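Here the structure comes first, spelled out in structure tokens, and everything after it is commentary.
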Amino acid sequence: MDTKLMMETARAMVAPGKGLLAADESAGTCKKRFDTVNVECNEENRRAYREMLFTTPGIPEYVSGVILFDETLRQKTKDGVNFGEYLKKNGIIPGIKVDGGVHDMALHPGEKVSEGLDKLAERMKEYFSLGARFAKWRAVITIGEGIPTQACLQANAHALARYSAIGQEASIVPMIEPEVLLDGGHSIERCEEVTEATLRATYAAMAAHNVSFEHLILKTSMVVSGKTNARQAGVDEVAERTLRVLKRTVPAAQPGIVFLSGGQSDVSATAHLNAMAASKGLPWPLTFSYSRALQNPALNAWKGQSANVAAAQRAFHHRAQMNGLAAQGKWRADLERQAA
Ligand code: 13P
């Protein structure tokens, strides 16, 4: 277990002005995204799309690391360079999604648990040899009538802790992602309560499994109003409630916290990060680890056509730059308008 390497990896992931690109969509999720632009979701199109993102000029200035799906870690650029090597050569840390996806939790209607612990130690060793230096595991918590249950919170926290311990033994930094879904009609107060309970259960499990907080990154959802709730909280309220929960639950020893976008609009995800990162005296750096909020404009510009690559790269560069500023609390809405 190389603790020095993990410390360097974790710090580099949250370096000032940089954040992460989540490009670890499974083939199924990728199909959903490609369907919106009428692109066939085959292996070559997935490869070409990822190559468009990774080779965007100037991107290493804002992107510290990329979360890859297993298939992508084994694919190459059209010039025959392994994607992991290509990213590393450009100063970007390759990471890997290691959970096996979310599944219905038995005897718990409406709740999910993530699978993928079987043979994980062997997979982690292979991923390290392929160049991955951090690994993500996503757990999904749904808010609804009578849910989440304690059993669901505990089952997901336990899996997150088991995978984290296995990752650290392999010198791979765990990026733990307990995502509280924004789907539903719940209030922001309820989201705050559930996010706090989720993180409390998660960190209690981490401690019980001897996971080192110094070599761990949290990827969390923000505290927001349920998607269909009549009262949609503003930027300052989201920032205040999210920071309150994080201060109550996340150890100060942890090197950083990153956010998922979870279905927020591109600009909202940037504005929320900006408001939080602007706040003084936090024990950890905050940054982005977005998939949709970084990729959507690029995907819409790309549409599977090589002739659109330059336009798609411009769109991706713009979102990466805006979020790089937001991670330092230096973003302003008029910067979006100037670019438009
Ligand atoms: P979104 O930013 O689209 O929520 O995706 C982040 C992620 O990694 C989901 O697992």
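The values are calculated or read from the model by the stated rules, or taken from the named source; none is laboratory data. Values in this document were obtained by computation on a predicted structure and should not be read as measured data. Note that we place each Cβ from the backbone using ideal geometry, even for glycine, and neighbour counts take in every protein chain shown. The area values use the complete protein model at the heavy-atom level, side chains included, leaving out ligands, DNA and RNA. Shrake-Rupley method; radii C 1.70, N 1.55, O 1.52, S 1.80 Å.
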Straight-distance crosslink candidates among lysines, where the alpha carbon sits under 22 Å from Lys280 and sequence neighbours closer than 8 are dropped: Lys18, Lys219, Lys247, Lys330
Explain nothing, just the number: dipole magnitude of segment 55-133 about its Cα centre with +1 on each Lys and Arg Cβ and -1 on each Asp and Glu Cβ, in debye rounded to the nearest 20. 380 debye
Unit charges on C-beta of K, R, D, E only; dipole of the chain, Debye: 720 debye
Roughly how much of Ser129 is accessible, in Å² to the nearest 10, using a 1.4 Å probe? 90 Å²
222 nm [θ] for the chain, helices only, -39500 (n - 2.57) per DSSP H run of 4+, per residue, to 500? -14500 deg cm²/dmol
Below 8 Å, C-alpha to C-alpha, sequence gap of six or more: please give me the relative contact order for segment 96-250 in percent. 22 percent
Checking segment 89-120 for trypsin sites (Lys or Arg not before Pro) in a loop per DSSP with at most 13 other beta-carbon atoms within 10 Å yields Lys119
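Expressed in nm², what is the orientationally averaged projection area of the convex hull enclosing the Cα positions of segment 134-240?
Seen from a random direction, the Cα hull of segment 134-240 projects 6.7 nm² on average.
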May I ask you to give the average projected area over all directions of the convex hull of the Cα atoms of segment 1-145, in nm² rounded to one decimal? 11.2 nm²
On the protein heavy atoms, probe 1.4 angstrom, tell me the percent of accessible surface of the chain carried by carbon and sulfur. 51 percent
If N is the residue count of segment 20-104, its Cα Rg over 2.2 N^0.38 Å rounds to 1.08
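Mind checking the per residue accessible area of the chain for me, 1.4 Å probe, whole number of Å²? It would help to have the intermediate numbers written out before the result.
Values: 14010 Å² over 340 residues.
On a per-residue basis, the chain sits at 41 Å².
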What list of ³J(HN,Hα) couplings, whole Hz, do you get for segment 10-27 from phi and the Karplus terms 6.51, -1.76, 1.60, once you set θ to phi - 60° and write x for glycine and proline? 4, 5, 5, 4, 10, 4, x, x, 10, x, 10, 9, 8, 10, 9, 4, 5, 4
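Looking at the calculated P(r) for segment 253-340, what percent of the C-alpha pair distances fall above 14 Å?
63 percent
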Over the chain, what is the mean sequence separation of C-alpha contacts under 8 Å (at least six apart), divided by residue count, expressed as relative contact order in percent? 19 percent
Solution diffusion estimate, µm²/s, Stokes-Einstein, segment 115-189, Kirkwood Rh from C-alpha pairs, 10 °C, viscosity 1.306 mPa s: 116 µm²/s
What is the spread of the Cα atoms of the chain along each of their three principal axes, largest first, in whole Å? 50, 47, 40
Dipole of the chain, positive end: most advanced residue of Asn323, Leu130, Ala293 [Cβ charges, Cα centre]: Asn323
Too long at a 26 Å Cα-Cα cut-off: which of Lys31/Lys136; Lys89/Lys136; Lys32/Lys88; Lys31/Lys125; Lys32/Lys89; Lys78/Lys119? Lys32/Lys88; Lys31/Lys125; Lys32/Lys89; Lys78/Lys119
For the chain, with a Gaussian network of springs between Cα atoms less than 10 Å apart, report the residue from Val180, Val224, Val81 with the top mean-square fluctuation. Val81
Relative contact order, percent, segment 50-94 [alpha-carbon distance under 8 Å, six or more residues apart]: 42 percent
Sorted by chain and number, the residues with a modelled amide H under 5 Å from that of Asp24, at a separation of 5 or more or across chains, are none
